[in-house]
Amino acid sequence: MKVAERPSDELLAKKEAAPPKEQGETIKPPDNVLASLKIQALDNALMSQLNIPAKTTGVVVTSVEPGGQAEAAGLQRGDIIQEVNHETVKTVDEYLKAANKIKKDELAVLLVSRQGNSLFVAVNPK
């Protein structure tokens, strides 16, 4: 642990206001049935950690909020989302673009790769 002087509140506020673009970035969830999912880009380190084949594309689910619609649909941490409502997603930007098209009270159909198996998961609004 490194001991140092705490940065000023102004400096901290500036850092928080900057849009994060690094590993483990925070992504603003869409305001719909996918809001309870946290995802991140699929990189080589994550692929080897989760034992995912190299040709797999998509975004990985890093957490599923307990009690949310995504959990009720059976989505799990480590699932790879490859399609959102039949739109292929290979990057976080493509996922967000497709996810944001879903209305608040609309069903989302995801093509998910789980341990090498592909399955469709329907996420229903409450």
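Two numbers describe the Cα atoms of segment 23-123: Rg and Dmax, which are 12.3, 36 Å.
Set the bar at 22 Å for Cα to Cα. Now go through K38/K90; K55/K103; K55/K104; K90/K126 and name every pair that lies beyond it. Show your work: numbers first, answer last.
Numbers: K38/K90 16 Å; K55/K103 31 Å; K55/K104 33 Å; K90/K126 28 Å.
Check vs 22 Å cut-off fails for K55/K103; K55/K104; K90/K126.
Applied to segment 65-71, the Karplus parametrisation 6.51 cos²θ - 1.76 cosθ + 1.60 on θ = phi - 60° returns per-residue 3J(HN,Hα) values of 5, x, x, x, 5, 5, 5 Hz, with x for Gly and Pro.
A short reminder: the numbers here are calculations on the coordinates, not readings from a lab. For clarity, every value in this text was computed on a predicted model and none was experimentally measured.
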